[in-house]
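Worksheet: the structure to be examined is printed underneath.
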Amino acid sequence: MAAEFISVTFPNESNDLNPIPDAPADPLFLKRYARSLDDYGFNYTLIPYSSSSFDPFTIGATILAHTTNIKIIVALRPNTVYPTVAAKSLATLDQLSGGRVVVHFIAGGSDDEQAREGDFLDKEERYERQEEYIRILRQVWTSAEPFDFDGKYYQFKQFRSAVRPTRGLIPISLGGSSDAAYRIGGSLADIFGLWGEPLAETRQQIDRIYAEAAKAGRTDRPRIWVTFRPIVAETDELAWVKAHNVLDRLNENREKGLSRSPLSAPRPANVGSQRLLDIASRGDVHDRALWYPTVTATNAGGATTALVGSPRTIAYSILDYVDLGADLISIRGYDNYNDAVDYGRYILPLVREGIREREDSKKKAAA
C-alpha cells in the first residue's frame, strides 16, 4: 500500500505566481531545490519539457549529482531524440546514479506545440510512434545481440548498446486521457499518470487502464500516478484565503500575458485538459478539498487542480486517492520551492502516518 511522492524540479526561481520570462538557469537554486526534496523524503522529481524549456537530461544529471536518494523522471517527447540515442542517454544517467532514473513519455497534446520542433504528425500517429519508441528502448536495454528494427516511424540495422540500465530496465511512464493513451499505457507502461480529477472520475480512469492491461495479457498492472497542486496553510480557513490570493495572482498574470495560456487561447485540444474544464463547469469544489478555479484560470494548462486546506485536510484528501489505488502522488505548488518545503515538513509525514495506520489495521484484521 505504501505510496511514493513526486515533486517537480525547476532550474530557477520563476514560478506561476512570480513568473520571470526567459529566466536563465540558476545552479545554486537548482542545487538547493534538489537537496531540499531529497532531505524531505520525496521519492521522485519530474523534470518537465516544453519546446522552449531547458534540456531535461542535463537538468537531471545536475540533480542526481547533488542528491543521494531521489529519483529523476525525465520527460521525453519522441520527436526530439532518436530512440537508440535516448536509450543510451537514459542508461548512462541510470548507471551514474545507481539506478535513479525513470522516463516519462509525452506524445504531445498540442499540434502547435509539436510543430515548433518540426513534428507534424497527428495525434493518433504520435501515439503509434510512442509505442514503437517504447518497444525499441526496452529491446535496446535487454538485447545482448545486435538487432534490426523496421517500423513505421523508425528503421535501423544491427544496433547494439553496451550501456545497460542498473537494474536491467528503466521504468517507463506515460499519461493521458484519450483512448490511445489508455491503450498504450495499459499495455506497455510501468507507471500511468493522471491529473487530479474527483474520486469517481479517477476510479473510472484507473479501471480503464487496468482493463487495457488485462486485454494486453499483462499479469501485472501499471502503477497509478495522480497529480495535485496543494494550497496549504495552518488552518482550513487560512488556506482558503491563501487559495483566493493565488487565484487572483494567476488571473492577473494571465491578463498581463505572463501565463502559459494567454487570454486569447482557444479551448485546449487534448482530452485531459478538456476533462478538467468540463469538471470545473460543474462546480468549484469536489470531494473533500479538490478545487477547480485554478483550472479555469490557466485554461487547464497541464496539471492545475488544487487541494486546499490545512496539512491534515490535504493529507486526508491524498489518502482518499491512495485508498482508491494511487501508488504515486505528485504534489507541486504554485510557489515551487517554498511549497515543496511546506509539503515535506507538514504533509508527507501525515500521509505516511495514515498509510502506516492502514497497514497496521490490515495486519490486525488478518491476525
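Extending 7 Å from Cα along the Cβ direction at ALA115 and again at LYS157 yields two label points whose distance is 3.7 nm. Remark on ASP26: its backbone amide H falls under 5 Å from those of ASN12, a criterion applied only to residues 5 or more positions apart or on other chains, H modelled at 1.01 Å from N. Comparing VAL163, VAL308, VAL74 in a Gaussian network model of the chain where C-alpha atoms under 10 Å apart are linked, the largest mean-square fluctuation is found at VAL163. Over the chain, DSSP H runs of length four or greater, each weighted -39,500 (n - 2.57), average out per residue to a 222 nm ellipticity of -14000 deg cm²/dmol. A 1.4 Å probe over all protein chains sorts ASP16, ASP150 by accessible area into ASP150, ASP16, starting with the largest. Remark on GLY193: its backbone amide H falls under 5 Å from those of LEU174, GLY175, GLY176, TRP225, a criterion applied only to residues 5 or more positions apart or on other chains, H modelled at 1.01 Å from N.
Along its principal axes, segment 255-367 has C-alpha extents of 60, 29, 20 angstrom, given from the largest down. Comparing GLY60, GLY309, GLY257 in a Gaussian network model of the chain (Cα springs below 10 Å), the most mobile by mean-square fluctuation is GLY257. In this structure, the amide hydrogen of SER330, modeled 1.01 Å from its nitrogen in the peptide plane, lies closer than 5 angstrom to those of ILE6, VAL226, THR227, PHE228, counting only residues at least 5 positions away or on a different chain.
Sorted largest first by accessible area at a 1.4 angstrom probe radius, with every protein chain in place, the residues LYS215, LYS362 fall in the order LYS215, LYS362.
Whole-Hz Karplus values for segment 227-239 come out as 10, 9, 10, x, 10, 10, 8, 4, 10, 4, 4, 5, 5 Hz, taken residue by residue from phi with 6.51 cos²θ - 1.76 cosθ + 1.60 and θ = phi - 60°; glycine and proline positions read x. Using the Karplus relation 6.51 cos²θ - 1.76 cosθ + 1.60 with θ = phi - 60°, the per-residue 3J(HN,Hα) values for segment 16-23 come to 5, 7, 10, x, 10, x, 6, 5 Hz, with x marking Gly and Pro. A 1.4 Å probe run over the chain, with the rest of the protein chains in place, finds 44 Å² accessible per residue.
Take the eigenvalues of the Cα gyration tensor for segment 115-207, scale each by 5, and report the square roots as semi-axes in whole Å, largest first. It would help to have the intermediate numbers written out before the result.
Working: eigenvalues 164, 68, 22 Å².
Equivalent ellipsoid semi-axes, largest first: 29, 18, 10 Å.
Taken over segment 192-299, the convex hull of the Cα atoms encloses 121 Å³ per residue. Rolling a 1.4 Å probe over the protein chains gives TYR316 an accessible area of about 100 Å². Cross-link partners of LYS152 among lysines, defined as those whose alpha carbon lies under 26 angstrom from its own and excluding same-chain residues fewer than eight positions apart: LYS88, LYS123, LYS215.
By a straight-distance test (C-alpha under 24 Å), which lysines pair with LYS242 as possible cross-link partners, with residues fewer than eight away in the same chain excluded? Once the sequence-local lysines are set aside, what remains near LYS242 is LYS256. With N counted as the residues of segment 1-66, its alpha-carbon radius of gyration over 2.2 N^0.38 Å works out to 1.14. I'd like the distance between the alpha-carbon centres of segment 196-258 and segment 90-141, rounded to an integer number of Å. If you average the Cα positions of each part, the centres end up 23 Å apart. Sorted largest first by accessible area at a 1.4 angstrom probe radius, with every protein chain in place, the residues HIS66, HIS244, HIS286 fall in the order HIS244, HIS66, HIS286. In a reduced charge model with +1 at each Lys and Arg Cβ and -1 at each Asp and Glu Cβ, the chain shows a dipole moment near 940 debye about its Cα centre.
Label zone (ASP236, point 7 Å along Cα-to-C-beta; backbone nitrogen cut-off 14 Å) within segment 262-296: 285-291. For segment 266-277, putting each phi into the Karplus relation 6.51 cos²θ - 1.76 cosθ + 1.60 with θ = phi - 60° gives couplings of x, 4, x, 7, 6, 5, x, 5, 4, 4, 4, 5 Hz, in residue order, rounded to whole numbers and with x for Gly and Pro. Overall, the accessible surface of the chain at a probe of 1.4 angstrom is composed of carbon and sulfur to the extent of 50 percent. Across the chain, the mean sequence separation of Cα contacts (distance under 8 Å, 6 or more residues apart), normalised by length, yields a relative contact order of 18 percent. One equal scatterer on each Cα of segment 153-198, no solvent, Debye formula: the resulting log10 I(q)/I(0) at q = 0.15, 0.19, 0.34 Å⁻¹ is -0.61, -0.80, -1.13.
The values are calculated or read from the model by the stated rules, or taken from the named source; none is laboratory data. Predicted model, so just to flag it, every value in this text is computed and none were measured. Note that we place each Cβ from the backbone using ideal geometry, even for glycine, and neighbour counts take in every protein chain shown. Note: accessible area is taken over every heavy atom of the protein model, side chains too, but ligands, DNA and RNA are not part of it. Shrake-Rupley method; radii C 1.70, N 1.55, O 1.52, S 1.80 Å.
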